[in-house]
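Notes for the one structure printed next.
Nothing in this text is a laboratory measurement; each read-out follows from the coordinates by a stated rule. Keep in mind it's a predicted model, so treat the numbers as computed, not measured. Note that we place each Cβ from the backbone using ideal geometry, even for glycine, and neighbour counts take in every protein chain shown.
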Amino acid sequence: MRDQIVEKKVTVSQKYKKRSTFISIWRQLRKNKGALIGLAMLVLIIAIALASPYIFDYDTQVIANNIKGRMQAPSADHWFGTDDMGRDIFARVCYGARYSLAVGVVAVLFALVFGVTWGAAAGYIGGPFEDITMRICDIFSSIPSVLMAIAVVSALGKSTFNLMIAVGITSTAPFVRVARAAVLTIRGEEYIESARAIGVPEWRIVATHIMPNSVSQIIVQATLRVGSAIISAAQLSFLGLGVPAPAPEWGSMLSAGRSYIRDYNYMTLYPGLAIMVTVLSLNLIGDGLRDALDPKLKR
């Protein structure tokens with residue numbers, strides 16, 4: 001009975017500790033006006049992406065050709081104008097948020113899981129395994145990310161899923177480095193030695209002691225990498241290796257409008273602004289999280 005009471009108290013204490021940590025981070029984040037602006041922008045973009053199927057008709061407004069209404073300038077009927085196929089650019093930009101955000105988030109999740117696991121193992125095990133890991137990361141870092149992504153997509157084939165894999169592979173090396181560096185700074189602490197001395201399994205030490213204490217660096221890296229992943233996906237789509245047409249991905253919209261950029265610049269203006277605003281919001285949030293999670297920068 002007494003053990004149950006003690007265990008219950010520990011659970012409640014951990015619960016309130018996590019809550020107080022979250023509140024502390026939120027308070028620090030609120031002091032950063034740039035982070036709040038970025039958060040508001042990102043929430044708006046996500047809301048537009050989620051609501052786009054209920055606002056627009058995908059078949060008639062987004063992908064169906066309407067030759068009679070092609071190349072119309074922005075107006076009350078078509079806020080962003082129409083493209084060379086007569087499709088509403090505003091509807092396509094809103095729908096394109098679904099593709100760009102999905103590719104960016106899934107690719108970073110893939111890189112996060114694989115890279116953090118690999119980097120944590122390399123940092124904790126050390127020795128030849130760590131050396132081989134870092135040399136592989138050096139090789140990956142020496143190859144331009146776009147070139148590597150092109151090679152992966154060319155090998156696997158053009159599809160949205162393969163695009164996610166390609167962008168995820170190019171985003172893995174930074175997570176390996178961050179996870180390894182975090183483990184190296186923590187694995188020599190006294191509480192790690194104590195856990196090892198009482199017989200705690202190595203995998204459990206990494207999962208319950210080392211990784212939770214390095215999660216702040218990983219969260220910041222993941223937030224910033226989503227923006228880079230969206231840009232990489234747009235680059236591949238611009239080159240014709242991304243989301244297959246006629247899906248309204250922002251990079252493919254830029255590619256389709258470049259032939260008309262001189263006379264109909266709105267065809268590239270709005271997809272480009274969508275990419276810029278989305279990446280800017282993620283970078284502002286990432287900078288705010290870095291300041292909020294770093295004890296040295298707390299005020």
* Just grab the label-to-label distance for L44 and T208, each label 7 Å out from Cα along the Cβ direction, in nm (one decimal). => 4.6 nm
* How many lysine pairs in the chain, separated by 8 or more positions in sequence or lying on different chains, have Cα atoms less than 28 Å apart? -> 19
* Span from the region 39-73 Cα centroid across to the region 153-203 one, whole angstrom -> 37 Å
* Any idea what diffusion coefficient region 82-166 gets from Stokes-Einstein, in µm²/s, Kirkwood Rh on alpha carbon pairs, 10 °C, 1.306 mPa s? -> 102 µm²/s
* To do: Just tell me, in residue order, which DSSP H segments of the chain are both 15 angstrom or longer along the helix axis (alpha-carbon based) and at least -0.5 in mean Kyte-Doolittle hydropathy.
  => 33-55, 89-125, 127-142, 145-156, 160-170, 172-186, 215-238, 266-293
* Once the Cα atoms of region 246-296 are picked out, what are the Rg and Dmax in Å? -> 16.2, 52
* To do: Give a quick list of GluC sites (Glu not before Pro) in region 118-211 that DSSP marks as loop, anything other than H, G, I, E or B, with at most 14 other Cβ atoms within 10 Å.
  => E189
* To do: Quote the relative contact order of region 34-127 in percent (integer), defining contacts as alpha-carbon pairs under 8 Å separated by 6+ residues.
  => 22 percent
* To do: Take region 48-195, compute every pairwise Cα distance, and split them into 10 Å bins from 0; I just need the percent in each bin.
  => 11, 26, 22, 18, 13, 8, 3, 0
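How high is the relative contact order of the chain, in percent, with contacts defined as C-alpha pairs under 8 Å that are six or more residues apart?
Values: 411 pairs, mean separation 76.4, N = 299.
RCO, the chain: 26 percent.
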* Asked: GNM on the chain, C-alpha springs below 10 Å: top fluctuator among G227, G257, G242?
  -> G257
* Structure fact -> With Cα springs under 10 Å, the Gaussian network model of the chain assigns the largest mean-square fluctuation among A121, A222, A166 to A121
* Mind giving me the FRET efficiency for T117 and L36? R0 is 30 Å, r the Cβ-Cβ distance, nearest 0.05 is fine. => 0.35
* For the chain, with a Gaussian network of springs between Cα atoms less than 10 Å apart, report the residue from W118, W79, W250 with the top mean-square fluctuation. => W79
* Asked: If you line up the Cα atoms of the chain on their principal axes, what length do they span on each, largest first, in Å?
  -> 77, 42, 37
* May I ask which residue of F140, V243, P201 lies farthest towards the positive end of the charge dipole of the chain, with charges of +1 (Lys, Arg) and -1 (Asp, Glu) on Cβ and the Cα centre as origin? => P201
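So how strong a dipole does the chain carry about its Cα centre when Lys and Arg Cβ are +1 and Asp and Glu Cβ are -1, to the nearest 20 debye?
Numbers: 30 positive and 20 negative charges, 215 e Å.
Value, rounded to 20: 1040 debye.
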